[in-house]
Amino acid sequence: MRDAVTNLIKNYDLTGRYLDRDAMDRLKDYFSSGMARITAAAVINANSPEIVRQAGLQLFEEVPELIRPGGNAYTTRRYSACLRDMDYYLRYASYALVAGDSHVLDERVLQGLRETYNSLGVPIGPTVRGIQIMKDMVKQMVADAGVDNTSFIDAPFDHLTREFSEISV
Ligand SMILES: CCC1=C(C)/C(=C/C2=NC(=C\c3[nH]c(/C=C4\NC(=O)[C@H](C)[C@H]4CC)c(C)c3CCC(=O)O)/C(CCC(=O)O)=C2C)NC1=O
């Protein structure tokens, strides 16, 4: 587990450097966006069941074959496994948002997932789509909560998407 600050310090320590101007700029960025990050985590915490449910509905509306016979989310067991996975992505994204670093996703979520998804035939494209739907919902909710610039919210969701797109090949 690491966050924006420990990660920065680790990199400077590796090369024995003092924190320079570039480091200061990055630290300023991180601390000045602190309240917005906390607001995002609070919004996710207060709405997670709704976000997961709505994003699932939208995903299954866009890709209905997932919940038809032969689809990977067909049967109640697999339907709930799918929503549970979406809930994992959302919860870990909220940790990464507070940390200002996506490392927690590599460590706790993505490790070994390629093998699991491949062996169970869980399709990557719709998984990525589900993550992007949640991202858009969270951004809208955080904007509604009064945060002007919500672009920082992209990072963990896009990190998951990017890693998924890589592991699909
Ligand atoms: C916190 C880290 C973590 C992650 C990420 C995780 C994912 C994860 N998802 C799984 C299954 C699954 N994942 C899905 C997901 C989907 N199917 C679809 O068609 C959709 C595209 C998608 C939902 C968006 C489904 C349906 C299964 C069950 C597949 C099966 O058992 O046949 C499994 C296999 C074991 C199980 O069923 O519990 C794991 C380990 N587990 C973890 O501990």
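The values are calculated or read from the model by the stated rules, or taken from the named source; none is laboratory data. Computed from a prediction, not measured in an experiment: that's the story for all the values here. Methodologically, a virtual Cβ is constructed for each residue, glycine included, from the backbone with ideal geometry; neighbour enumeration extends over all protein chains shown. Protein only, heavy atoms only, side chains kept; ligands, DNA and RNA dropped before computing areas. Shrake-Rupley method; radii C 1.70, N 1.55, O 1.52, S 1.80 Å.
Couple of notes before you dig in:
Quick grid of which residues meet (1) assigned by TED's automatic domain parsing to the domain that holds VAL147; (2) of a type outside the set (Ser, Thr, Tyr); (3) away from the ligand (no atom under 13 Å from the Cβ):
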{"residue": "ALA23", "(1), (2), (3)": "no, yes, yes"}
{"residue": "ASN45", "(1), (2), (3)": "yes, yes, yes"}
{"residue": "ARG53", "(1), (2), (3)": "yes, yes, no"}
{"residue": "ILE67", "(1), (2), (3)": "yes, yes, no"}
{"residue": "THR76", "(1), (2), (3)": "yes, no, no"}
{"residue": "TYR79", "(1), (2), (3)": "yes, no, no"}
{"residue": "CYS82", "(1), (2), (3)": "yes, yes, no"}
{"residue": "TYR92", "(1), (2), (3)": "yes, no, no"}
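- Checked against (1) more than 29 Å from ALA36 (Cβ to Cβ); (2) in contact (Cβ under 8 Å) with a residue 24 or more places away in the chain, ARG68 meets all criteria but (2).
- When residues of the stretch 35-74 are limited to those that are in a loop (DSSP other than H, G, I, E, B) and open to solvent by 20 Å² or more (accessible area, probe 1.4 Å), the one nearest to ALA145 (Cα to Cα): VAL63
- Only one of LEU59, LEU66 that is within 20 Å of LEU160 (Cα to Cα) and in contact with a Pro (Cβ under 7 Å, 6 or more places away or on another chain): LEU59
- Count - residues of the stretch 113-136 that are more than 22 Å from TYR74 (Cβ to Cβ) and either at pLDDT 95 or above or within 8 Å of the ligand (Cβ to nearest atom) (or both): 3
- Among the residues of the stretch 85-109, those identified as closer than 18 Å to VAL5 by Cα, assigned to a helix (DSSP H, G or I) and among the hydroxyl-bearing types (Ser, Thr, Tyr) are SER94, TYR95.
- Checking each residue in the stretch 110-133 for being in a helix (DSSP H, G or I), over 12 Å from THR161 (Cα atoms) and not small (Gly, Ala, Ser) picks out LEU113, ARG114, GLU115, THR116, TYR117, ASN118, LEU120.
- The single condition from (1) more than 11 Å from the ligand (Cβ to nearest atom); (2) open to solvent by less than 40 Å² (accessible area, probe 1.4 Å); (3) of a type outside the set (Asp, Glu) that ARG2 fails is (2).
- Selection status of GLY112, farther than 21 Å from GLY56 by Cβ, assigned by TED's automatic domain parsing to the domain that holds ALA55 and surrounded by fewer than 17 Cβ atoms within 10 Å (Cβ to Cβ): yes
- Residue match in the stretch 139-150 (condition: under 14 Å from SER48 (Cβ atoms), at pLDDT 95 or above and crowded, with 19+ Cβ neighbours inside 10 Å): yes
- Evaluation of ASP25 against the conditions (1) free of Cβ contacts under 8 Å to residues at least 60 places away in the same chain; (2) over 20 Å from the mean Cα position of the chain (by Cα); (3) part of a helix (DSSP H, G or I); (4) surrounded by 12 or more Cβ atoms within 10 Å (Cβ to Cβ) shows that the sole unmet condition is (4).
- Meets criteria (within 25 Å of VAL138 (Cβ to Cβ) and open to solvent by less than 40 Å² (accessible area, probe 1.4 Å)) for ARG84: no
- Any hit, the stretch 97-111, residues being closer than 26 Å to ALA145 by Cβ, in contact with a Pro (Cβ under 7 Å, 6 or more places away or on another chain) and small (Gly, Ala, Ser): yes
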